[in-house]
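What follows is a short report on a single structure.
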Amino acid sequence: MLDAPGVGHDLQDHMQVRIVMRCSQKITLNDTVNHPLRRTMAGARYALFRKGWLTIAAGTAGAFFKTSPRLASPDIQVHFLPFSTDKMGEKLHDFSGFTASVCQLRPESRGTLRIRSADPTVPPEIRINYMSTETDRTTNVEGLKILRKILNAPALKPFVVNEYDPGAKVSTDAELLEYCRERGSTIYHPTSTCRMGNDALAVVDQRLKVRGLEGLRVVDGSVMPDLVSGNTNAPIIMIAEKASDMILEDAR
């Protein structure tokens, strides 16, 4: 056993805030999923030819932008999804719609992950602490305002009826911030609770070995000292590839 106070500290994650647009034409995944014949045809097309709606990822397009021209690099990532729902994982809307979301790339907020019980079946206590700094709050609000401008561009006018969520009722910065607080959600990029480093709270060393223990490594996103400015999948694969090389080196 090891009493490592750094375990569970520095929890970081990308939060997403979604805007849902109602479409004027039946051109989204909503229309396929909610229509029995189209749904059946989509299933058959995938089963027979590996083509169609069922071959796509949730996010089919993306972009990066700056919320301020003073920034050296983008601080927002946009994800475009060709479907819409009130909450991810729930039934798709019964109208044609799509979703676009903003994701702050370098949040300052830090959370914690704690064990609540010696019983391994008891869920841990997770405190993400989204938007706990003024920078994070401002960035998310400005990101939504810029995304709204994009979604109201002339090129999209032939396809869009209106903004369904949050809608015209949410317009001021204070209202947008409250919307972020109510509807913001994880984009599944948690990292840094067993971070690499040399300080007293660092959990693993430069070879991913747990400091203070023999024969134990951590090989996942929790070793990242800081959250990357984008998706975490590729960096975590890189960490695993590097770890495998180091394990082989140490075994020789």
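The values are calculated or read from the model by the stated rules, or taken from the named source; none is laboratory data. What you are looking at is a predicted structure, and each value in this text was computed from that prediction instead of being measured. No Cβ is skipped: glycine too gets one built from the backbone with ideal geometry, and neighbour counts run over all protein chains shown.
For residue 139, the criteria (1) polar (S, T, N, Q); (2) free of Cβ contacts under 8 Å to residues at least 24 places away in the same chain; (3) crowded, with 18+ Cβ neighbours inside 10 Å hold in every case but one, which is (2).
Could you say which residue among 63, 57 is within 24 Å of residue 159 (Cα to Cα), at pLDDT 95 or above and aliphatic (A, V, I, L, M)? Result: 63 is the single residue among 63, 57 that is within 24 Å of residue 159 (Cα to Cα), at pLDDT 95 or above and aliphatic (A, V, I, L, M). The listed residues are 151, 144, 92, 113, and the only one of them that is closer than 24 Å to residue 59 by Cα, in contact (Cβ under 8 Å) with a residue 60 or more places away in the chain, among the aliphatic types (A, V, I, L, M) and out of contact with any helix residue (DSSP H, G or I) (no Cβ under 7 Å at 6 or more places or on another chain) turns out to be 151.
Scanning region 202-252 for residues that are at positive phi and either assigned to a helix (DSSP H, G or I) or loosely packed, with under 12 Cβ neighbours inside 10 Å (or both) yields 212, 215.
The residues in region 90-130 that are assigned to a loop (DSSP other than H, G, I, E, B) and within 30 Å of residue 3 (Cβ to Cβ) can be counted, and the count is 17.
Residues in region 131-140 that are outside any loop (DSSP other than H, G, I, E, B) and either closer than 17 Å to residue 183 by Cα or among the acidic types (Asp, Glu) (or both): 134, 136, 137, 138, 139, 140.
Of everything in region 142-165, what is crowded, with 17+ Cβ neighbours inside 10 Å and over 26 Å from residue 186 (Cα atoms)? Give them in sequence order. Answer for region 142-165, where residues must be crowded, with 17+ Cβ neighbours inside 10 Å and over 26 Å from residue 186 (Cα atoms): just 160. Tally time: how many residues in region 176-201 are among the hydroxyl-bearing types (Ser, Thr, Tyr) and assigned to a loop (DSSP other than H, G, I, E, B)? Qualifying residue count for the region: 3. Counting only residues that are surrounded by fewer than 15 Cβ atoms within 10 Å (Cβ to Cβ) and of a type in the set (Val, Ile, Thr), which one in region 14-63 is farthest from the chain's Cα centre (by Cα)? Filtering region 14-63 for residues that are surrounded by fewer than 15 Cβ atoms within 10 Å (Cβ to Cβ) and of a type in the set (Val, Ile, Thr), the one farthest from the chain's Cα centre (by Cα) comes out as 40.
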